[in-house]
Each structure stands twice: as C-alpha cells, then as structure tokens.
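> Okay, here's the structure, questions in a sec.
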Amino acid sequence: MKSRRIRAALAVLAGLLSCAGNGLHAAESALEKGFVSPPDSARPWVYWFWLNSNITREGITADLEAMRGVGIGGVLIMEVDQGAPVGPVAFMSARWRELFRHVVAEANRLGLEVNMNNDAGWNGSGGPW
C-alpha cells in the first residue's frame with residue numbers, strides 16, 4: 001500500500017516536472033526567437049541630423065529606406081549647423097515643411113516612427129549664443 005502511494009506520488013511529480021520542463025523549453029524558444037527576430041517595439045532609434053538645410057526628397061527616401069533595411073525603428077530629426085554650408089531649404093520654410101510631410105509619409109510607408117527635436121543652441125531654434 002505504502003509503495004503504491006510512493007509510486008503514485010513519484011508519477012505525479014514526474015508529470016509536473018515534465019510540464020515545467022516543457023514550459024521552460026517554450027520560454028527559452030520564445031526568448032531565442034525574440035533575439036533572432038526582435039519585435040518592432042525593440043528596434044533602436046537613431047539621431048538623424050539634417051545638416052544646415054541640406055535636404056532633398058530623394059535623400060530623405062534613400063536615408064529612411066536604408067535605416068529600415070538595417071532594422072532601425074525610428075528617427076529623431078535634428079536640424080543642425082555644424083559648420084556645413086547653408087543648403088537650399090531654409091528651416092521651417094514652406095519647402096522644408098513640405099519635405100517634413102514627405103518624411104512622415106515615407107516613415108509610415110516603411111513602418112518607422114519620427115520625432116523632431118527642438119532645443120536651444122542648434123539652428124532649429126537656437127539664438128546667437
């Protein structure tokens with residue numbers, strides 16, 4: 001009688017351990033899959049410096065497609081000076097805003113997110129200081 005209970009208890013324990021092992025294997029498998037093919041929410045973002053109004057429609061599309069191609073999830077645009085010659089598209093001009101709308105449309109097409117930085121000291125909003 002006692003040995004029957006011990007065998008039954010061991011059988012239950014073996015079943016529980018088997019279930020736990022399967023769950024652990026499934027969790028490890030999901031983790032491995034997540035590293036091999038991360039979800040969109042885990043894709044990194046990059047700073048995207050627009051150098052002193054030197055932007056074009058074609059360049060925007062090429063940059064975003066290249067970023068998407070290497071797994072980038074989003075961009076933080078910063079219009080910066082950094083000593084580059086002034087380009088043809090003045091910051092916040094009608095053409096600049098048109099190109100920014102193009103960025104948003106292309107980002108939507110490619111599944112990317114877009115943010116715009118605006119802080120003092122850069123040509124987007126900074127003063128002579």
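All of the numbers you see were taken from the coordinates with simple rules; none came from a lab. It should be emphasised that the depicted structure is a prediction, and the values quoted were computed from it without experimental measurement. We place every Cβ from the backbone using ideal geometry, glycine too, and count neighbours over all the protein chains shown.
> Kirkwood Rh, Cα Rg: Rg to Rh for the stretch 62-113?
Computed over Cα atoms, the ratio is 1.01.
> Taking the square root of 5 times each eigenvalue of the Cα gyration tensor, what semi-axes in Å does the equivalent ellipsoid of the stretch 25-90 have, largest first?
Square roots of five times the eigenvalues give 36, 11, 7 Å.
> What residues qualify as long-range amide H neighbours of Phe49, i.e. H under 5 Å apart, gap of 5 or more or another chain, H built at 1.01 Å from N?
Distant-sequence amide H within range of Phe49: Met78.
> May I pose another question? Once amide H atoms are built 1.01 Å from N in the peptide plane, which residues 5 or more positions from Gly87, or in another chain, come under 5 Å H to H?
Ser53, Asn54
> Quick one: if you stick a label point 7 Å off each Cα along the C-beta vector at Ser29 and Val70, how many nm between them?
3.4 nm
> May I ask you to evaluate 6.51 cos²θ - 1.76 cosθ + 1.60, the Karplus curve with θ = phi - 60°, for each residue of the stretch 76-89 and list the ³J(HN,Hα) values in order in whole Hz, giving x for glycine and proline?
Values, residue by residue: 10, 7, 10, 7, 10, 8, 6, x, 5, x, 5, x, x, 10 Hz.
> Would you please put 35-43, 84-92 in order of how densely packed they are, using the mean number of other Cβ atoms within 10 angstrom per residue and starting with the highest? Write out the running numbers ahead of the final one.
Details: 35-43: 10.1, 84-92: 13.7.
Per-residue Cβ counts within 10 Å, averaged per peptide and sorted highest first, yield 84-92, 35-43.
> Further, regarding this structure: Enumerate the amide H contacts of Val114 below 5 Å, restricted to partners 5 or more residues apart or on another chain; note that Pro and chain-start residues carry no placed amide H.
Answer set, sorted by chain and number: Val75.
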